[in-house]
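Please treat every number below as a calculation from the coordinates, not as lab data. Just so it is clear, the structure is predicted and the values come from calculations on it, not from any experiment. No Cβ is skipped: glycine too gets one built from the backbone with ideal geometry, and neighbour counts run over all protein chains shown.
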Amino acid sequence: MTLPVRDAYPLLLGRPSYGMMEDAPDRFIAPGCTLCREGAKLVLFVTGRCDRDCWYCPLSTERKGADRSFANDRVVVSEEDLLAEARTMSALGTGVTGGDPLLEPERVVRFCRALKTAFGPGHQIHLYTGRAPSRDELQPLVGLVDELRLHPPHEDWERICETDYPRAIREARTLGFAIGVEVPALPGIERLAPLLPLVDFFNINELEWGEANADGMRERGLSLARPVGNAIEGCLEWAAPLLDDPRVRFCTSGFKDSVQLRQRLVRIARNTARTFDECTEDGTVVYGRLRPTGPIGDAVAALGLEEDEYAVEEDGLELAWWRLAEGRDAVAGDKAVVERYPNRGMVVEVTPL
Ligand code: SF4
C-alpha cells in the first residue's frame, strides 16, 4: 500500500507523537515545537562559529563567531554544566543550535549523549544547521538527535533544487530523522516550495531586527512592524504563498517572547525558588529585602524569622515580601520588595517599603 507522504510520516518515523496542533487542527507541528511552546526545551548553543555569512543572522555580536557553548544563558564547558542547567528548568527536550553546531560534531555528540543518558531516550533533541549535511555527517547523530531543521541560506533559495539540500533531506529521512526546514520570513521564500513535499514540517520565523543585522536591514529598506518588539514589517505577506500547506507553521517573534521564553522562566522559577520567594506568572520571583542599620541577627530576631524563612545575601537580608511589609515598623533600615528573573537573574523592579 502506498500512503500519501504526509500520512506516512508517523509510520516512517515510528513516532505517533508526530501530530497536529491542538489550536490549529489542520496543521502539523514538529515534536520539538510542542515542547518549545511549553517552555520545556533547553537551548544548547554549541558554538558561535558558522561558515555562512547571512546578512539577516540574528546572533548577537557577543556570540557570533566565538567558539563558546551555552545552555540557555549559562556558559557550558563540561557535560555536568549542561545537565545542571537542564535540571534547573526540568527540561523535557533540547534544541541544539549555534552558529552551526555541525562545525563541532564531536561536541554535539558528546553533549547529546550526555542528555540522552541522563534523561532517557524520550528527551527530545532537535538540531538546527545551515549546512546540507552528508550521510557521513549525519550517521553519528542517529539515536542522539531526533529531529533535523535545515536552514538553506537566502542566497540559495532561487536555485534550491540544484543545491545539496534536497539530497540531505532524503538522506536524513532514510536514516530515521524527522526532517524539516526552518527559515526566517524573507522576500522570495516561495522559491522554497519545491522542498515542501520532501519534509515533515516547514517552520517560518518572523524576521527580527538585532544589533548585528541592523545595517543589513537598513540597506534593504526594511523597518520594524510595530513600535514595540523586533519584528520586521512584511513577513506575513512574504510567507503568505506557503501558508496554505499544512506542514507550514509561522512563528511570530511575539510568541517566542511571550510564550516560549516566559514558560521556560516559569519552570526555572518554580524549580529554584526559595521557601519564601513568590513565583509570578511572568516567570519572575518576588521577595522582600532589608538592609538593616544594625546587626542582621537583631533584625532576624525582631521579625521572628525561623532558619528557613530568610537568606543573607550580599545585598542584605532576604525574606518573604509580606513578612517584611508586616514587620516594617519593628526594624530600621532600607526596605524594599524586589522582583527579578530566577537564579539571581536581572532585577525587574525594586519597590521601596
Ligand atoms: S547559517 Fe544561521 S548562524 Fe550561520 S550566518 Fe546564517 S543565520 Fe547566522
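Data for the structure
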read-out: For Cys50, Cys279, Cys112, order by how many other beta-carbon atoms lie within 10 Å, fewest first; value: Cys279, Cys50, Cys112
read-out: Computed [θ] at 222 nm, deg cm²/dmol, the chain (DSSP H ≥ 4; -39,500 (n - 2.57); rounded to nearest 500); value: -7000 deg cm²/dmol
read-out: Ratio of the Cα radius of gyration of region 78-144 to 2.2 N^0.38 Å, where N counts its residues; value: 1.09
read-out: Relative contact order [Cα under 8 Å, 6+ residues apart], the chain, whole percent; value: 14
read-out: Test item: Cα-centred dipole of region 167-270, Lys/Arg +1 and Asp/Glu -1 on Cβ, debye; value: 500
read-out: Cα-based equivalent ellipsoid, the chain: semi-axes from gyration tensor eigenvalues, Å; value: 44, 23, 19
read-out: 3J(HN,Hα) from dihedral phi, region 93-100, Karplus parametrisation 6.51/-1.76/1.60, rounded to Hz, x for glycine, proline; value: x, 9, x, 9, 9, x, x, 10
read-out: Rounded to 10°, Cα long-axis angle of helix 165-174 versus longest principal axis of the chain; value: 80
read-out: Mean Cα-pair separation over length for region 278-352, i.e. relative contact order, pairs under 8 Å, 6 or more apart, %; value: 39
read-out: Helix axis angle, 105-119 relative to the chain longest principal axis, alpha carbon, degrees; value: 60
read-out: Long-range amide H partners of Ile125 with built H, under 5 Å; value: Thr94, Asp146, Glu147
read-out: In Hz, Karplus ³J(HN,Hα) per residue of region 34-50 (6.51, -1.76, 1.60; θ = phi - 60°; x = Gly, Pro); value: 4, 5, 5, 4, 7, x, 9, 9, 6, 9, 9, 8, 7, 7, x, 6, 7
read-out: Within-10-Å neighbourhood charge of Gly283 [Cβ basis; K, R +1; D, E -1]; value: +2
read-out: Per-residue HN-Hα couplings for region 133-146 [Karplus 6.51, -1.76, 1.60; θ = phi - 60°; Hz; x = Gly/Pro]; value: x, 7, 4, 5, 6, 7, 3, x, 8, 4, x, 10, 10, 8
read-out: Under-5 Å amide H pairs with Asn205, H placed in peptide plane, nonlocal only; value: Val183, Ala185, Cys251
